[in-house]
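Visitor: Below are the structure tokens for one structure; questions will follow.
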Amino acid sequence: MKRIGVLTSGGDAPGMNAALRAVVRTGLSMDMEVYGISHGFEGLIDGEIEKMQWSSVGDILQRGGTILYSARSKRFLEEKYQDKAVSILKAFGIEGLVIIGGNGSFTGGLALANKGIPVMGVPGTIDNDLGYTDYTIGFDTAVNTVLDLISKIRDTSTSHDRATVIEVMGRHCGDIALHAGLGGGADFILIPEIPADIDKLCTEVLRGKHAGKRHSLILKAEGVDIKTDDLVRTLEDFTGLETRAVVPGYIQRGGSPTERDRMLASLMGAKAVRLLYNDAASRAVGITAGEIIAIDLEEALQMERPFNQEMYDLVVMLS
Ligand code: F6P
């Protein structure tokens with residue numbers, strides 16, 4: 001393969017730029033031409049495509065966001081726009097595509113793969129919700145952002161004898177809450193993988209209060225089927241403890257990537273290009289048990305994320 005394209009799509013994630021840098025520079029060092037497509041599938045449909053140079057990706061390794069911009073494309077769900085994307089890729093002579101994004105982006109990639117364009121998926125999402133890979137690019141940075149937040153909230157929460165519910169992102173996956181809960185010593189975590197027992201939660205918070213605990217920190221994943229405001233009211237009514245809600249939202253998607261995200265992004269981006277260079281099969285690149293792997297794109301999308309019950313039990317036991 002001599003000419004490839006790269007795009008970032010879906011919710012941005014810290015480390016997307018590092019992956020992009022690895023894709024462009026690996027491609028150039030193998031004498032390939034690399035084209036950057038702006039605004040994900042939206043930009044692909046509209047032909048927002050530019051040739052990338054070595055210097056196009058200078059000084060971006062440490063930057064959050066994506067210099068190629070991102071989008072969630074409704075149009076790309078329609079076959080006529082997928083066909084348009086294929087003809088645009090052909091008009092540019094682009095033979096293969098690297099897609100840096102999450103579930104929805106890989107699904108879009110699969111549509112192109114089924115139309116004869118080889119696609120490499122590089123997992124870029126803070127959610128860590130892809131079943132075939134242990135980690136996605138951006139997850140580690142998001143967890144560290146939440147850890148920083150937890151320690152700040154703990155200070156003020158303790159001073160005021162309050163309970164605080166922190167709602168974290170993750171869509172249908174509880175991994176941000178689970179990992180930040182363990183690393184940050186949350187008193188309780190609520191995640192979509194485990195049915196929420198609100199009565200038990202309230203009883204435990206009250207028991208803590210009676211035992212002299214000065215604050216309670218509850219991490220709730222956004223995918224849990226109870227509104228954060230309702231939970232705050234229920235907790236306050238039941239325990240009599242002043243309770244606050246904190247929803248950091250998009251703060252979790254920004255910031256300079258951690259070393260782990262930069263490393264993952266660089267290794268995965270380079271692997272995706274080497275695979276495209278050597279063979280035309282569509283794959284998803286990931287990491288399992290410390291090894292960078294690549295598996296069939298469609299298969300990757302079908303794999304369910306295994307739930308780490310042991311880690312969940314440990315959070316509960318240590319709290
Ligand atoms: O997939 C990343 C993510 O931040 C999710 O955690 C969240 O549910 C969603 O994107 C928010 O999407 P949007 O940027 O479209 O509001």
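The values are calculated or read from the model by the stated rules, or taken from the named source; none is laboratory data. Every value quoted in this text rests on a predicted model; they were computed, and no experiment measured them. Positions of Cβ are backbone-derived with ideal geometry, glycine not excepted, and every protein chain shown enters the neighbour counts. Only protein heavy atoms, including side chains, enter the accessible area calculation; ligands, DNA and RNA are left aside. Shrake-Rupley method; radii C 1.70, N 1.55, O 1.52, S 1.80 Å.
Visitor: Relative to the compact-globule scaling 2.2 N^0.38 Å, provide the ratio for the alpha-carbon radius of gyration of the stretch 1-79.
Guide: It is 1.08.
Visitor: Here is a follow-up. Using only the alpha-carbon atoms, how far is helix 139-159 inclined from the longest principal axis of the chain? Give it as 0 to 90 degrees, nearest 10.
Guide: Taking the Cα atoms of the chain, the angle to 139-159 is about 20 degrees.
Visitor: With point charges of +1 on the Cβ of Lys and Arg and -1 on the Cβ of Asp and Glu, referenced to the Cα centre of the chain, which listed residue (Met30, Phe76, Leu275) lies farthest in the positive direction of the dipole?
Guide: Checking the options against the dipole of the chain, the answer is Met30.
Visitor: Let me ask something additional. Equivalent ellipsoid semi-axes for the chain, as square roots of 5 times the alpha carbon gyration tensor eigenvalues: give them largest first, rounded to whole Å.
Guide: 41, 18, 17
Visitor: Could you put His179, His39 in order of accessible surface area, largest first, with the 1.4 Å probe and the full protein assembly present?
Guide: Result, largest first: His39, His179.
Visitor: Loop only by DSSP, 11 or fewer other Cβ within 10 Å of the Cβ. Give me the GluC sites (Glu not before Pro) in the stretch 262-319 that pass, ordered by residue number.
Guide: Listed in order of number, the matching sites are Glu304.
Visitor: Given labels modelled 7 Å from the Cα in the Cβ direction, how far is it in nm from Lys213 to Gln62?
Guide: Each label point is offset 7 Å from its Cα along the Cβ direction, giving 4.0 nm.
Visitor: Helix 198-210 against the longest principal axis of the chain: what's the angle in degrees, Cα atoms only, rounded to the nearest 10?
Guide: 50 degrees
Visitor: Can you give the alpha-carbon Rg of the stretch 212-319 over 2.2 N^0.38 Å, where N counts its residues?
Guide: Against the empirical 2.2 N^0.38 Å value, I get 1.58 for the stretch 212-319.
Visitor: Shifting gears a bit: Pick from Gln53, Gln309, Gln62: which is most flexible by mean-square fluctuation in a GNM of the chain where alpha carbon atoms under 10 Å apart are linked?
Guide: It is Gln309.
Visitor: Next question, about the same structure. Give me the angle, in degrees from 0 to 90, between the Cα long axis of helix 16-29 and the longest principal axis of the Cα atoms of the chain, rounded to the nearest 10.
Guide: The two axes meet at around 20 degrees.
Visitor: If you don't mind, another one. Heavy atoms only, probe 1.4 Å: what % of the accessible area of the chain goes to carbon and sulfur, would you let me know?
Guide: In the chain, the share of accessible area belonging to carbon and sulfur is 49 percent.
Visitor: Considering Cα pairs under 8 angstrom that are at least six residues apart, work out the relative contact order of the chain and quote it in whole percent.
Guide: 24 percent
Visitor: Counting heavy atoms of the protein chains only and a 1.4 Å probe, report the per residue accessible area for the stretch 24-129 as a whole number of Å².
Guide: 41 Å²
Visitor: What is the log10 of I(q)/I(0) for the stretch 141-253, computed with the Debye formula using one identical point scatterer on each Cα and no solvent, at q = 0.16 Å⁻¹?
Guide: Scattering profile of the stretch 141-253, log10 relative to I(0): -0.64.
Visitor: Using the structure shown, list the pairs from Lys152/Lys209; Lys2/Lys74; Lys80/Lys227; Lys152/Lys220; Lys2/Lys115; Lys51/Lys115 with a Cα-Cα distance above 28 Å, or answer none.
Guide: Violating the 28 Å limit, Cα to Cα: Lys2/Lys74; Lys80/Lys227.
Visitor: Do the sum for the chain: with -39,500 (n - 2.57) for every DSSP H run of n ≥ 4, divided by all residues, what is the mean residue ellipticity at 222 nm, to the nearest 500 deg cm²/dmol?
Guide: That comes out to -13500 deg cm²/dmol.
Visitor: Using a 10 angstrom cutoff on alpha carbons, build the Gaussian network for the chain and name the most mobile of Pro195, Pro118, Pro257.
Guide: Fluctuation is largest for Pro195.
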